[in-house]
Amino acid sequence: MSLRLALALILLVTVIVLVPFFQRDDASYIEFTSASIRFNGTDATITIHYELAPMARAYILAFGTRSLESNIENISSSFEDCRIISIKPEYAEILVKNTSTESKGYYLHHSIALPLRFRVLKVYTPDQRSPRVYYNVNATPNIFYKG
């Protein structure tokens, strides 16, 4: 048996074994750890950090991040006008449009419930150098900031 055929068979068996692993509803292969929100005018960029189980990490490194899209879409479903910017093995970025309202150069973001709990949430606004840090949250906080 040639080396190419042996590698192809190993790859095929690996895919067959791992596909059911990623089709589970409980998503136990991914643990969301922290998030950050960076406000810019009425829009915000949300970065979600997560840790993957070792087998899931190997799968993602071999086949790409497409299997993580449903988990990221589930989180972004809390926001009306958003799109996924990128998904990496350690984090994902989501652009949320019109998440704040503007009045005379000041912005107000009303709290939005999230479908899961984050250990740490950092909020960056244009008018402050350091982030506001929130612990053990399952919603974005009410935020008032100057643009």
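Bear in mind that the values in this text are calculations on the coordinates, not laboratory data. From a predicted model like this one, the values you see are computed outputs, not experimental measurements. Backbone-built Cβ (ideal geometry, glycine too); neighbour counts: all protein chains shown.
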Q.
Between region 68-88 and region 98-147, what is the separation of their alpha carbon centroids in Å?
A. 18
Q.
What are the extents of the Cα atoms of the chain along their three principal axes, in Å, largest first?
A. 73, 27, 25
(Q) Per-residue counts of other Cβ atoms within 10 Å, averaged by peptide: what ranking do you get for 136-146, 113-123, highest first? (A) 113-123, 136-146
**Q.** Axial C-alpha extent at least 27 Å, average Kyte-Doolittle at least 0.0 - helices from the chain (DSSP)
**A.** 3-22
Q. Lysines within cross-link reach of residue 122: Cα-Cα under 21 Å, excluding same-chain residues under 8 positions apart?
A. 88, 97, 146
